[in-house]
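In what follows, a single structure is set out as structure tokens and then discussed.
The values are calculated or read from the model by the stated rules, or taken from the named source; none is laboratory data. Since the structure is predicted, the reported quantities are computational estimates derived from the model, not experimental observations. Every residue, glycine as well, gets a Cβ built from its backbone with ideal geometry; the counts of neighbours run over all protein chains shown.
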Amino acid sequence: MATTSLAELDDETGGKINSLDFHRKDDLLVTASDDDSVRLYDIVSAKLIKTTYHKKHGADRVCFTHHPSSVICSTKYNLDSTGESLRYLSMYDNRILRYFKGHKERVISLCMSPVNDSFMSGSLDHSVRIWDLRVNACQGILRLRGRPTVAFDQQGLVFAVAMEAGAIKLFDSRSYDKGPFDTFLVGGDTAEVCDIKFSNDGKSMLLTTTNNNIYVLDAYGGEKRCGFSLEPSPNTNTEATFTPDGQYVVSVLLQNFLSSDPTCQKLTLLFQFVKGSGDGTLHAWNINTRNEVACWNGNIGVVACLKWAPRRAMFVAASSVLSFWIPNPSSNSTDESTDPQATVKSDQV
């Protein structure tokens, strides 16, 4: 990650991007923005494929289904009057395939099962709902305290739910009605969790919290392997993401490495992270040496969304602009000097 190339997409009417998601098998990216739009992109060419607008409901959280042209999108407006908290959308013909009613307040967490047609949503109404794309009715409800955040593991066998006081509950997705099979706390941090991700091998979990901390946890026992503190950014919950091999974490606004645990040091051998400043600059750091290894100026403002593509050596950062970051294989990955010429910015499209 010491050297990257950059492509930007600047859509004048897009507004701030609220969420984004990569398709698991196709080279596609979907975003939901403040202008009530859902946009579909080809990530190989960094080209916009389709834009649909949803003025009645808005576009808040978004995620792909298994079909490359279908997504689930959460409601931003008129939730009290319609109760239509989630919609199943066809990007191909801009058609609503199904409404999902149940949540009384805004959905803040949304994820699709990697193995079947079920998906989960967590809402500020203190509930997690489990759905099936094929039917309108909710398939299961978990009533929780605090801000619920949800995630499936990469095999679809387990899902995690974060709730009040930093508690994480793990459920068997085939028998969740029997209750959690494990519960643990985030190393004494009682802040609410705003995002959960599992590594591809299912061994680690990545959490970001509302008090600007990031943790890497053992997914089996809940032990804290690593921790980072974040520079606060007003009204922005920063995302973090695993690289596909699970050896790296990419994030923005990262400030301090919190743990000196030998297990963590072993885990993070050659481990780097990226941080961003308010002007859109991203920085790569080597955790072991704590030296900056690269700096890239994206000029995109405060980054609100950040994810690594599941099938590509690429990550995307978003504010009102999408930035596609691709490692340059011709660079020396062990070079720990900051190279101001390390990036090539393509023409804006």
(message) aliphatic (A, V, I, L, M) and either closer than 25 Å to Arg147 by Cβ or at pLDDT 95 or above (or both): is that true of Ile72 in this structure?
(response) yes
(request) From the list Asp125, Asp117, pick out the single residue that is out of contact with any strand residue (DSSP E or B) (no Cβ under 6 Å at 6 or more places or on another chain) and acidic (Asp, Glu). (result) Asp125
(request) Go through the range 152-169 and give me each residue that's out of contact with any Gly (no Cβ under 8 Å at 6 or more places or on another chain), in a strand (DSSP E or B) and closer than 16 Å to Asp201 by Cα. (result) Phe152, Phe159, Ala160
(request) Taking the residues in the range 75-94 that are in a strand (DSSP E or B) and at pLDDT 95 or above as candidates, determine which candidate is surrounded by the fewest Cβ atoms within 10 Å (Cβ to Cβ). (result) Ser90
(request) Answer yes or no: is there a residue in the range 136-148 that is surrounded by 17 or more Cβ atoms within 10 Å (Cβ to Cβ), in contact (Cβ under 8 Å) with a residue 60 or more places away in the chain and hydrophobic (A, V, I, L, M, F, W, C). (result) no
(message) If a residue must be of a type in the set (D, E, K, R), under 18 Å from the mean Cα position of the chain (by Cα) and closer than 19 Å to Ile72 by Cβ, how many such residues does the range 14-53 contain?
(response) 6
(message) Looking at the range 108-146 only, could you name the residues that are within 22 Å of Glu84 (Cβ to Cβ), of a type outside the set (Gly, Ala, Ser) and not in a strand (DSSP E or B)?
(response) Asp117, Leu124, Asp125, His126, Leu133, Arg134, Val135, Asn136, Cys138, Gln139
(message) Against the condition surrounded by fewer than 19 Cβ atoms within 10 Å (Cβ to Cβ), within 22 Å of the chain's Cα centre (by Cα) and closer than 25 Å to Tyr176 by Cα, how does His67 come out, does it pass?
(response) no
(message) What's the total number of residues in the range 95-107 that are of a type outside the set (Gly, Ala, Ser) and outside any strand (DSSP E or B)?
(response) 4
